[in-house]
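Only one structure is covered here, and it is reproduced in the block below.
The values are calculated or read from the model by the stated rules, or taken from the named source; none is laboratory data. Quick caveat, the model's predicted, so the values are computed rather than measured. Side chains are part of the model used for accessible areas, which takes the heavy atoms of the whole protein and leaves out ligands, DNA and RNA. Shrake-Rupley method; radii C 1.70, N 1.55, O 1.52, S 1.80 Å.
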Amino acid sequence: QVQLMESGGGLVQPGGSLRLSCAASGRRVSSCDMAWYRQAPGKEREFVAVSPSGGNVNYADSAKGRFTIARDYAKNTVDLQMNNLRPEDTAVYYCNAECLIGPVERVVRTDYWGQGTQVTVSS
């Protein structure tokens, strides 16, 4: 089992920066794909950024050039650096881990989610 805990959310003015952190516990997530999603009130949860295990990072169009995802394998964490924040970035941000669980004979892909952290961009 994997437990995820987000932190670093808060209130920031437009154009400001914020750094979110996701701490994983229960097992190592070095072999998992780690990602950030967000969900605003009345909207569906949307993809923000992903750092695949053994792959290159990828971003949603809305995040490209402003957000940076980075993993610290030693600390078992993944961060999301957000710069030049806009009011449209206001949402609850969720950490996600996609892991392969079980023996090789019957491996299962399993998603784990954190509880989310609120990010509010407002003047």
Task: the range 4-67: proportion of alpha-carbon pairs further apart than 15 angstrom, % - done: 64 percent
Task: Exposure ranking of ILE69, ILE101 by accessible area [1.4 Å probe, largest first] - done: ILE101, ILE69
Open item on the list: What percent of all Cα-Cα pairs in the range 37-123 falls into each 10 Å bin, going from 0 up to the bin containing the maximum distance?
Closed with: 15, 45, 29, 9, 2, 0
Open item on the list: Probe of 1.4 angstrom, ligands and nucleic acids ignored: what's the accessible area per residue over the chain, in square angstrom?
Closed with: 55 Å²
Task: Backbone HN-Hα couplings from phi across the range 75-84 [Karplus 6.51/-1.76/1.60, Hz, Gly and Pro as x] - done: 8, 6, 10, 9, 10, 10, 8, 10, 10, 6
Open item on the list: Can you give me the % of accessible surface on the chain that is carbon or sulfur? Probe 1.4 Å, all protein chains present, nothing else counted.
Closed with: 48 percent
